[in-house]
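Just so it is clear, none of the values below were taken in a lab; they were calculated from the coordinates. Just so you know, these numbers come straight off a predicted model, no measurement behind them.
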């Protein structure tokens with residue numbers, strides 16, 4: 001499997017899709033007390049956490065579509081890299097300038113690592129003319 005970057009990228013994108021699905025579910029369903037336990041200030045309006053959850057569901061679908069057919073959905077693979085890097089940059093900026101919470105920087109590192117793995121596997125496939 002490790003010498004087959006197409007299979008590895010497919011599996012990895014499915015895992016990223018599941019990750020986004022579960023993060024989205026948590027953002028929507030976790031009670032306010034869970035967010036407070038994680039170090040966030042109490043909020044009384046769940047709109048933004050719910051909106052973030054729905055966004056994660058949408059991204060989960062995009063990652064799943066990319067995984068389902070790498071060749072047909074090549075641009076979604078590229079989009080996945082872009083989204084992961086944008087998320088990481090946003091989270092790093094938020095951590096540095098607004099709120100130094102461990103979960104924010106941990107999420108930034110996770111998003112950056114996911115983006116790097118997707119990019120490296122994509123580049124390996126590109127080099128091998130997989131998409132031609």
Practice prompt. Return a whole-number percent for the relative contact order of the chain, with Cα pairs under 8 Å and 6 or more residues apart as the contact set.
Written response: 28 percent
Worksheet item: Mind listing P(r) for the chain? All alpha-carbon pairs, 5 Å bins, whole percents.
Response: 2, 11, 17, 22, 18, 12, 9, 6, 3, 1, 0
Worksheet item: How big is the gap, in Å, between the Cα center of the stretch 102-132 and the Cα center of the stretch 41-59?
Response: 25 Å
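Helix-derived [θ] at 222 nm for the chain: sum -39500 (n - 2.57) over DSSP H runs of at least 4, divide by residue count, nearest 500?
Helices in the chain give a 222 nm mean residue ellipticity of -27000 deg cm²/dmol.
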